[in-house]
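Remarks on the structure that follows.
The values are calculated or read from the model by the stated rules, or taken from the named source; none is laboratory data. Here the structure is a predicted model, which is why all the values come from computation and not from measurement. FYI the Cβ positions are ideal-geometry reconstructions off the backbone, even for glycines, and counts take in every protein chain you see. Side chains included, ligands, DNA and RNA excluded: accessible areas come from the protein's heavy atoms. Shrake-Rupley method; radii C 1.70, N 1.55, O 1.52, S 1.80 Å.
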Amino acid sequence: MERHLAQRVVLERFKAAFQEASGMVWEEERDGFQFYQDDIEQAISQTLDLSPDAAHKWFEDSEETFSVSVENFCRLVKEYLDAKSPAQRIVLMLDEVGQFIGSNTRLMLTLQAFTEDLGIICGGRAWIVVTSQADMDTVLGEMTTAKANDFSEIAGRFKTRLSLSTLPSWIDAGTRRRAT
């Protein structure tokens, strides 16, 4: 909704109309938008010069017709980047992916497809950085051989890895040598 209103250059007018209708600041309440349906519909009606019935239909239909898919998300990121300078880049941070993916190769394939689609659709201007506390070698060691081979083949496509150890790498390496 905000993207649509911003493209029509009426987002600020909507925010003012919402505050007038609800007594609330839009940015502070938008996550709970379902609780403010009447106020949002009134603000939409006023902002877009729609009848109250048309604003109600627009609100109701928007949840049913909005689809979030990998491709749609990638296109939204591309729209954002296209509105910026050609030198602009965006980095998406996905924290604790290891906990989400676990040993599920299907989820790892989904992440791979998402990464590839984002790179292709955005022409390399969008990057993904993932973090995981789980050491990949440990995760792979706990899997069956066939599943570990599939998973390591997928994980191998993510070439750059950084150690996020809380210890400096020279201390960590020395500690490992002494422990063996």
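Computed from backbone phi with θ = phi - 60° and the Karplus coefficients 6.51, -1.76 and 1.60, the 3J(HN,Hα) list for the stretch 75-84 is 5, 5, 5, 4, 4, 4, 5, 5, 7, 9 Hz; x is used for glycine and proline. For F100, the solvent-accessible surface with a 1.4 Å probe is about 140 Å², rounded to the nearest 10.
Overall shape: oblate for the stretch 59-139, with the ratio a/c of the largest to smallest alpha carbon gyration tensor axis at 1.5 or above and b/c at least equal to a/b.
Could you tell me what percent of the accessible area of the stretch 12-115 is made up of carbon and sulfur, with a 1.4 Å probe and every protein chain present? The partial results should precede the final answer.
Values: 3560 of 6780 Å².
The C+S portion of the solvent-accessible surface of the stretch 12-115 is 52 percent.
In this rough spin-label picture, where each label sits 7 Å from Cα along the Cβ direction, the R3-R75 distance is 0.9 nm.
From the protein chains alone at 1.4 Å, what is the descending order of accessible area for V10, V25, largest first?
Numbers: V10 15, V25 55 Å².
Descending order: V25, V10.
The accessible area of Y80, taken with all protein chains in place and a 1.4 Å probe, comes to roughly 110 Å².
Can you put L81, L11 in order of accessible area, largest first, using a 1.4 Å probe? Intermediate values should be presented prior to the final figure.
Numbers: L81 0, L11 30 Å².
Result of the area sort, largest leading: L11, L81.
Amide H to amide H distances under 5 Å link I128 with L92, where only residues 5 or more positions off or on other chains count and H is placed in the peptide plane. Ligands, DNA and RNA aside, M24 has an accessible area near 70 Å² when probed at 1.4 Å.
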